[in-house]
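Below: one structure, written as structure tokens.
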Amino acid sequence: MAVQAVGQAVRREEDFRLLRGRGRYVDDAGQSGDARGYVLRSPYAHAAIRTVDAARARTAPGVLAVLTGEDLRRRGLGTLTPGVPRRRSNGSAAFVCPQPLLALERVRYVGDPVAFVVADSLNAAKDAAELVEIDYEPLPAVVTAAAALAPGAPPVWDENPGNEAFFHEIGDRAAVDAAFAQANRIVRDEIRINRVTANSMEPRGCITEFDPGQERYTIRCTIQSVHATRAALADHIFKLPQHQFRVVCDNMGGGFGMKGGCYPEYALALWAAEITGRRVRWIAERGEGLASDEQGRGSIVETELALDSNGRFLALRAQWKAAIGAYYSTDRPTIPLTIGLGCLVNTYGIPVVHARVVAALTNTMTTAPYRGGSRPEPIYVTETIIDKAARELGIEPAELRRRNTIPASAMPFTTALQQTYDSGDFVKNFDDCLTLSDYRKAAARREAAKQRGKLLGIGMATAVAATGGRDYEHAEIRFDPAGGVVLMTGSMDHGQGHGTTFKQVLSERLGIDADLIRYRYGDSDLVTMGIGTFGSRSAQLAGSAIVVAADRLIEKGRRIAGHMLEAATGDIVFENGRFAIAGTDRSVGLAEVARQSFDSGFLPNDIEPGFTERANYGPAGSATFPSGAHLCEVEIDDETGAVTLTRYTAVDDVGRVLNPLLCEGQIQGGIVQGVGQALMEEIVYDPDSGQLLTGTFQDYAMPRADDLCHFALANNPTLTGRNPLGVKGVGEAGTLGAIPAVVNAVNDALAQIDATPVAPPATSEKVWRAIRAARAAGR
């Protein structure tokens, strides 16, 4: 029973409950009488649908409904559409191609929903799905951006020959061309970024109900924003007022960006509940999720770096080709390819930058933000080309980076892509990282590894990225007459520990016992508004909204306390949970003021009864710029190509640290996901058939504990003035630095024998082939 201050290493309050099986995930809310939904999906990457005959399926035992594309056409449910207008490279409007809830004339990727079967049991639904007769006419498929954009490529949509969905450009092309013309050295590389998927512990799922008396829909699902999902369902799909929908999400077993959208299954389950009059439960199986969850990354980037004779960066040029999938239904595929391009500058004083992005439609699942959102790809591109430049110029990689890093004395610094870093010490981050990793003795470790038949590689990367600059976040603080407090925010908790850190913020600000605070989120009926959790935004936006709402409560409390103490409001000061008359020992506690606020007969007419305040925080220019430096050492077995992490160091600046324990956990988790992408994770489609080749965990590898090493982590906080807490985002910091640091380490090891660099994932087979080719050439 005590005040919990910001900066304390408080354990997450929910961990004991979750580890004992007392959480409430979607499937936990299921009831024995729930009808079960099952999605019948396309086995083809591209095919025309000649006929769909569901007659036998509809009469199968236990079947309640079988919904098809024709039923959808008759019902008239809508689709999602992008909100931001974009253009193609020829200046014409972007090719917008929304995904219907159920395929009609065409299927366009393996896993495209074709029918939704609802039955008394899951097995009955699966059995009935096998009775749905579909006559497909297979069509040619394209699965990569290069294939889709090639002359004469089969169109994913007949109306869009060439397969370009949209185009984006940033920077000063003329200035970059001029800088390249004057450069002493130009380094070029085709940088490949592998496509991955989230694989959260809890798969996607939902439970739906329809109340015909209230004409109201309720859905409990695994999502990162209840309010955005409610808007998508109400405004775009069902075309009804939002108050006719309630969206709930309690605990969530991971999101990572993948659960940020409104998927077809959610609307299908709501529609099925309306038709059948039953609660309908749909839970994705793991293989189903691998095929139908939004995927991340996946680009080819032609990159060029111009340098002068002293190794100073003059200009950077990047040309993206990205496969976004079969549908352009929302803005989500655009986010990874547009918003984060400012990260190409990274921590370096690159004078001019130009980037072009062409997004291609392909016969694959669509893409969307994945941990890091839009930031890991451009940071990976910059850090990769810097390492290649260091090798070609014969400059030590750490020295080349230090030579071009923006100094702390330059803050605030406006980059070539018009982002203004308000605070940070990038040089100190980097130097601290080198010191903590014992970089000076790396040469000795390299020689020792060689004696053991190992190739030791060292990879480094820096990172700085905007967080919290989009939209706003909502908070409400509500006292009850007995002194209890309910804290609500629009942020969603899917592993971040908001219930702990947000309580610390409020407990410190009001000087109240943290145990008196109950944190609530994830219910659109309870929390009046909000945006959700993504992009490392919650601490700075929701946390700041809590501070603003708390300060409003304090101001109201001063007025009530003044009335209670028979003193002028201006004479009342607040400190450590008590209101006092300045310069005296007369005071009253916050809890007493809160109780008194409910006595309308006592209050003056100009004070509204009750003790509740709310706030929305997200002013323009509130983006912050967390930064960091990462260093990874790996050892590669010369005979097998197996890569082992032996040392990992990271120094991050996330501003004011609200909870060191949770901060470190966030960075560790981000590093692990970065390691996974760097060494083993990849979504692979067969280039001819479009079949998903990594559709199970036997084929899609993810890191385990024994794939990792000890992480040496440190903080180098510089506070930002762009929010009242001085915080910067932390949730994605680990991923931003880990992907390039690990891949650079692998390729540094291969460079010791002049082997060809490998693109991620740096699997043992790829590395082994690179080593064998180098050895065969006598290197």
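The values are calculated or read from the model by the stated rules, or taken from the named source; none is laboratory data. Since we're looking at a predicted model, the values are computed, not measured. Heads up, the Cβs are rebuilt from the backbone with ideal geometry, glycines too, and the neighbour counts pull from every protein chain shown. Each accessible area value is taken on the protein alone, full model and side chains, heavy atoms only, with ligands, DNA and RNA left out. Shrake-Rupley method; radii C 1.70, N 1.55, O 1.52, S 1.80 Å.
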(message) Apply the Karplus curve 6.51 cos²θ - 1.76 cosθ + 1.60, θ = phi - 60°, to the phi angles in region 674-683 and return the couplings in whole Hz, x for Gly and Pro.
(response) x, 4, x, 5, 5, 10, 8, 7, 6, 7
(request) Please give the peptides 250-256, 266-272, 700-706 ranked by average Cβ packing (other Cβ atoms within 10 Å per residue), highest first, as a rough proxy for protection. (result) 266-272, 250-256, 700-706
(request) Please find the FRET efficiency linking Thr640 to Phe697, where r is the Cβ-Cβ separation and R0 is fixed at 25 Å, and quote it to the nearest 0.05. (result) 0.65
(request) Tell me the GluC sites (Glu not before Pro) within region 529-581 that lie in a loop according to DSSP and have at most 14 other beta-carbon atoms within 10 Å. (result) Glu566
(message) Going by amide H atoms built from the backbone, whose H comes under 5 Å of the H on Asp513, apart from near neighbours?
(response) none
(message) I'd like the distance separating the alpha-carbon centroids of region 304-362 and region 203-237, in whole Å.
(response) 36 Å
(request) Describe numerically, in nm with one decimal, the distance between label points set 7 Å from Cα along Cα→Cβ at Leu393 and at Glu608. (result) 6.0 nm
(request) On the protein heavy atoms, probe 1.4 angstrom, tell me the percent of accessible surface of the chain carried by carbon and sulfur. (result) 49 percent
(message) Could you sort the peptides 708-717, 495-504 by per-residue average Cβ neighbour count (10 Å cutoff), highest mean leading?
(response) 495-504, 708-717
(request) Please provide three numbers in whole Å: the alpha-carbon extents of region 408-506 along the principal axes, with the largest listed first. (result) 72, 38, 20
(message) Between region 45-102 and region 389-431, how far is it from one alpha carbon centroid to the other, in angstrom?
(response) 48 Å
(message) Quick one: 3J(HN,Hα) in Hz for region 415-427, Karplus 6.51/-1.76/1.60 with θ = phi - 60°, rounded, Gly and Pro as x.
(response) 7, 4, 9, 6, 9, 10, 6, 8, 7, x, 10, 5, 5
(request) Can you tell me how much longer the chain between Gln451 and Leu19 gets when fully stretched, taken as 0.36 nm per residue apart minus their C-alpha distance, in nm with one decimal? (result) 151.0 nm
(message) If you average the alpha carbon positions of region 542-583 and of region 684-757, how far apart do those two centres end up, in angstrom?
(response) 47 Å
(message) Using a 1.4 Å probe on the protein heavy atoms only, what accessible surface does Asp172 show? Give it in Å² to the nearest 10.
(response) 80 Å²
(message) Can you compute the modelled spin-label distance between Ser92 and Val573, with each label point 7 Å from Cα toward Cβ, in nm?
(response) 7.1 nm
(message) How charged is the neighbourhood of Asn616? Take every other residue with its Cβ under 13 Å from the Cβ of Asn616, and add Lys/Arg as +1 and Asp/Glu as -1.
(response) -2
(request) Specify which residue in the list Thr59, Leu19, Tyr44 is farthest towards the positive end of the charge dipole of region 1-88, using unit charges on the beta carbon of Lys, Arg (+1) and Asp, Glu (-1), about the Cα centre. (result) Tyr44
(request) For Glu137 paired with Ser121, estimate the spin-label separation in nm (one decimal), with each label point 7 Å from Cα along the Cα-to-Cβ line. (result) 4.0 nm
(message) Treating region 726-779 as a set of equal point scatterers at the Cα positions, no solvent, please give the Debye-formula log₁₀ I(q)/I(0) at q = 0.23, 0.24, 0.25, 0.28 Å⁻¹.
(response) -0.82, -0.87, -0.91, -1.05
(message) At a threshold of 8 angstrom on Cα-Cα distance, excluding pairs fewer than six apart, so keeping six or more, what relative contact order does the chain reach in percent?
(response) 16 percent
(message) Of all beta bridges DSSP finds with both residues in region 265-383, what is the antiparallel percent, to the nearest 5?
(response) 50 percent
(message) As a test question: what accessible area, to the nearest 10 Å², does Ser309 have when a 1.4 Å probe is rolled over all protein chains in place?
(response) 90 Å²
(request) Consider the candidate values [x] 75, 36, 31; [y] 43, 39, 23; [z] 60, 30, 25; state which one is semi-axes √(5λ) of the Cα gyration tensor in Å computed from the structure displayed. (result) [y]
(request) Over the chain, average the accessible area per residue using a 1.4 Å probe and give it in Å², no decimals. (result) 38 Å²
(message) As a test of the formula, what do you get for the chain when each DSSP H run with n ≥ 4 contributes -39,500 (n - 2.57) and the sum is divided by the residue count, at 222 nm and rounded to the nearest 500 deg cm²/dmol?
(response) -8500 deg cm²/dmol
